[in-house]
Amino acid sequence: MLGTANVSDIFPPIAALDLQGLRRRMTNLFAIMYRHFDDQVALRRRSREAGEAPKKDVLDTVLDKDGEWKQEGSQLSHDVMRALLSDLYGAGASTTAALIEWGMVDLLQNPEVMRKVKEELATVLGDKPLMEESDIARLPYLQVVVKEILRLRMVVPLVPRKAEADIEVNGYRIPKGTNVILNAWAINRSVDAWSDPDKFVPERFIGGETKNFQLGQDFDMIPFGLGRRICPGMPLAQKLIPLILGTLLHRFEWELPAEVKEAGIDMTEKCGVVLSLVTPLTAIPREI
């Protein structure tokens, strides 16, 4: 809904009328989300008071500042905590879901790659029913598959920057105050950096052209940006995406419906808060 065109943005004087009902719907959705946050915060506070071991996650870090919230004049508050958690939760959930969908699209269209991932999972996990975060390090092929998904599927644009001073880059003069938007999609698919850049080839990250490639450090692929303003969700994505994909492939066999097999997956893209498919992926799971 965040990507829906809002007539009130074009004609601000009529914003109070909420002609499309977007404000009302968003208010209801935020109320549900905030109730969930409040429940989790209360649960975590009780566990801390009971002396349970800290989880050392974002919520624990925020609650470590509890004392500062109670100080007079503090800018920290319960509402600020809600806003912080909603930013992290919303951004992480939508982008991860989109990347998982695109990843399954790429794997279903490349059955040999899917077979290799499933073989690795079977070898490493064996009869273990559920994949755990600690298993990711033992699954190198799954890791390069995730890297290739991140390279090929840029689901959100990078945050624009503003030049702090006049600067010249490769002969281009960029005046102070200019808004600079990096085309990460083009960078990730540059023929100067990648062979067959539009093809799904996870093996490119196994030696050869990208032998020592590191996400967040190399300029040839920047799905999370670079430098001090790099996306704080990168470590989460590097754990969550392989964990979800690995679990889906380890527990299920996947195939496309007959009509989709015949016509092919509709790859038409839809622009919104994230880049997704116009026709959501439909696949049939069969538990192993």
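Observations
- Efficiency of FRET from Cβ geometry, K199 and D220, R₀ 22 Å, rounded to 0.05: 0.85
- This ranking places V260, V145 by how few other beta-carbon atoms lie within 10 Å of each, fewest first, which gives V260, V145.
- Candidate cross-link partners of K162 among the lysines, defined by an alpha-carbon separation under 24 Å and a same-chain spacing of 8 or more, comprise K176.
- Counted over all Cα-Cα pairs of the chain, pairs farther apart than 30 Å make up 47 percent.
- In the elastic network of the chain, a GNM with C-alpha springs shorter than 10 Å, the most mobile of Q40, Q217, Q109 is Q40.
- Distance from region 253-267 to region 75-110 (C-alpha centre basis), Å: 27 Å
- Value at 222 nm in deg cm²/dmol, rounded to 500, when DSSP H runs of n ≥ 4 in the chain each add -39,500 (n - 2.57): -14500 deg cm²/dmol
- Kirkwood hydrodynamic radius of region 1-76, from inverse mean 1/r over distinct Cα pairs, in Å: 15.8 Å
- Here S8, S276 are placed in order of increasing Cβ neighbour count within 10 Å, fewest first, which gives S8, S276.
- Helices of the chain meeting both criteria, an alpha-carbon length of 15 angstrom or more along the long axis and an average Kyte-Doolittle score not below 0.5, with helices taken as full DSSP H segments, are 78-109, 140-152, 234-251.
- Counting only lysines at least 8 places from K116 when in the same chain, those with an alpha carbon closer than 24 Å to its own are K128, K147, K199, K211, K239, K261.
- Taking each residue as 0.36 nm, the span from N170 to I14 lengthens on full extension beyond its C-alpha to C-alpha distance by 51.5 nm.
- For K118, the aspartates and glutamates whose Cα falls under 15 Å of its own Cα, not counting residues fewer than eight places away in the same chain, are D106, D127, D135, E253, E255, E287.
- Computed label-point distance, nm, for sites Q109 and K65 using a 7 Å Cα→Cβ extension: 4.2 nm
- Spin-label pair Q40-N183: with each label point 7 Å from Cα along the Cα-Cβ axis, the two points sit 3.7 nm from one another.
- Among D38, D64, D135, residue whose mean-square fluctuation peaks in a GNM of the chain (springs only between Cα atoms under 10 Å): D64
- With neighbour counts taken as other beta-carbon atoms within 10 Å, the residues I174, I265, I14 rank, fewest first, as I14, I174, I265.
- Remark: spin-label model distance F213-E49 equals 5.0 nm, labels positioned 7 Å along the Cα→Cβ axis.
The numbers here are math on the coordinates, done by the rules we state, and not lab data. The structure displayed is predicted, hence computed values, not measured ones. When we count neighbours, we look across all protein chains shown, and the Cβ atoms used for this are built from the backbone with ideal geometry, even at glycine.
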